[in-house]
Amino acid sequence: MNAVLAPSRSTGAPAQPPATPEPATRAARQTEVVQALSACLPQHALLWHAEDTTPYECDGLTAYRQRPLVVCLPETEQEVQAVLRTCHRLQVPVVARGAGTGLSGGAMPHAMGVTLSLARFNRILQVDPVSRTARVQCGVRNLAISEAAAPHGLYYAPDPSSQIACTIGGNVAENSGGVHCLKYGLTVHNLLRVRGYTMEGEPVTFGSDALDAPGLDLLAAVIGSEGMLAVALEVTVKLIPRPQLARCIMASFDDVRKAGDAVAAVIAAGIIPAGLEMMDKPMTAAVEDFVKAGYDLSAEAILLCESDGTPEEVEEEIARMSAVLTAAGATAIAVSQNEEERARFWSGRKNAFPASGRISPDYMCMDSTIPRKRLADILLAIQEMEKKYRLRCCNVFHAGDGNLHPLILFDANDPDELHRCELFGADILETSVAMGGTVTGEHGVGVEKLNSMCVQFTAEENAQMIALKTAFDPAGLLNPGKVIPTLNRCAEYGRMLVRGGQLSHPDLPRF
């Protein structure tokens, strides 16, 4: 059974998952799978009763839920290998799961499949200060790597906002970034090696501990593959020296276009800040009430621009950025004077998601990327979408690399609001494509963006992605129904768009 979601009514977001199979069919299959897996796992590591499996029915995208057939909680690599071999023999789909903090439904279970929880693989195996690397299991939290490396004056650079909870395995699956990715790169730029198992239970290694590896360079292919190619169990990450000093500028703007143009001006000046983030007025209001970061509530948008390095480097760069921001129309500029104030400036940005949760029953966090020069255009477009769909939206951006995170506020208990939220999200994604961007930056495609993938990629390009998937997983059992839309799905979505008049951009492909 393939878990591809049915095309939604007229939206770029997925509809609710397909109906659960007939109880008798499901019960019979469940009994078969549990009996087979009982030979691989101790009783406490195998869950199948509804009250035990319901906590696994979704990840951070809570609008879409599906209870798995079985949940496995292995503790050793041998157990993982045995589970995969058993599921492959029985042709049972497998969805690997880390901390469940993903925001695109990438870890949503398969109704007739196994959820493979890797939470117990949480050991830091080695920190090598000489080679500046750390070897960790997939369930290690992102922040825990930096905490372990801190005594050596080192840290792990990618810092997604969920770093206190998200795991390195999930970061590999989604190619996560964070507020400092502009200068230090995404997950793909900070790994040396990933080791794990294929769906057939065969060991596989991508990359190496050296600067290069023999054979095809497939490390970048597995990073961001959303658990569709292999199950990653061990990761070797790069560590970098902690900078001597970091200071942050908080710049206020009375117009979103000025703020967007200021971002482009900073990069055009040859400056690569350690972080360059943007928040609009609704977002700053939400986070200021939550964390009291000292944000200018009268500003239409604020920028957070960080410099790090030696004291001399930071002083020079802060002066240059301040001059560029002033020339771009900043109405106020504040510079952190100590580490406590710098952390306070960033506290609002890091708490944007929980702050939004305080002002709305639910929110859907979108994730797309556009050229930096179009930041103001997309913000103004989103403001018009708020009127069109009658929903509020708070915006926070990794402005330096054009990665958007609009948070659409809605009530999931109201089916009409959920539907309008889906329409709103799809409109943002497809407007981003029309502006020369992409439907995802770091949250992945999962189930959330399957229809929008039809807009971005041609049938030939989707076929190439399917071919890569098939090379690793011929039976299509690893995380099926995610990331790559079927040709039938794209054709149906195209027909709906044409019928519903949803294709409003002349530069979007028609089907």
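The values are calculated or read from the model by the stated rules, or taken from the named source; none is laboratory data. Quick caveat: nothing in here was measured; it's all calculated off a predicted structure. A quick note on method: Cβ atoms are made from the backbone with ideal geometry, for glycine too, and the neighbour counts reach across all protein chains shown.
Does region 343-354 include one or more residues that are aliphatic (A, V, I, L, M) and surrounded by fewer than 19 Cβ atoms within 10 Å (Cβ to Cβ)?
Taking every residue of region 343-354 in turn, at least one turns out to be aliphatic (A, V, I, L, M) and surrounded by fewer than 19 Cβ atoms within 10 Å (Cβ to Cβ).
I need a count of the residues in region 330-366 that are at pLDDT 95 or above and touching an Asp or Glu at 6+ places or on another chain (Cβ under 7 Å).
Result for region 330-366: 2.
In region 32-52, which residue that is surrounded by 14 or more Cβ atoms within 10 Å (Cβ to Cβ) and not aliphatic (A, V, I, L, M) is nearest to the chain's Cα centre (by Cα)? Lay out the reasoning, then the answer.
Applying the first criterion (surrounded by 14 or more Cβ atoms within 10 Å (Cβ to Cβ)) to region 32-52 yields 33-34, 36-37, 40-41, 45-48.
Retained after the next criterion (residues that are not aliphatic (A, V, I, L, M)): 40, 48.
Numbers: C40: 32, W48: 28 Å.
Among residues in region 32-52 that are surrounded by 14 or more Cβ atoms within 10 Å (Cβ to Cβ) and not aliphatic (A, V, I, L, M), the one nearest to the chain's Cα centre (by Cα) is W48.
Out of region 137-176, which residues are aliphatic (A, V, I, L, M) and under 27 Å from S347 (Cβ atoms)?
Those that are aliphatic (A, V, I, L, M) and under 27 Å from S347 (Cβ atoms): V140, L143, A144, I145, A148, A149, A150, L154, A157, I164, A165, I168.
Scan region 482-491 residue by residue and report those that are in a helix (DSSP H, G or I) and surrounded by 16 or more Cβ atoms within 10 Å (Cβ to Cβ).
R489, C490, listed by residue number.
With respect to T198, is the statement that it is more than 21 Å from S307 (Cβ to Cβ), under 16 Å from the mean Cα position of the chain (by Cα) and hydroxyl-bearing (S, T, Y) true?
For T198, the condition - more than 21 Å from S307 (Cβ to Cβ), under 16 Å from the mean Cα position of the chain (by Cα) and hydroxyl-bearing (S, T, Y) - is not met.
Filter region 53-79 down to the residues that are farther than 15 Å from G113 by Cα and modelled with pLDDT of 95 or more, then identify the one that is nearest to the chain's Cα centre (by Cα).
Going through region 53-79, the residues farther than 15 Å from G113 by Cα turn out to be 55, 59-64, 74-79.
With the extra rule that they be modelled with pLDDT of 95 or more, the set shrinks to 55, 59, 74-79.
Working: P55: 21, D59: 11, P74: 25, E75: 26, T76: 27, E77: 26, Q78: 29, E79: 28 Å.
It comes out as D59.
Out of curiosity, is P109 farther than 17 Å from I223 by Cα and buried (at least 23 other Cβ atoms within 10 Å of the Cβ)?
Here the answer is yes, as P109 does meet what is asked.
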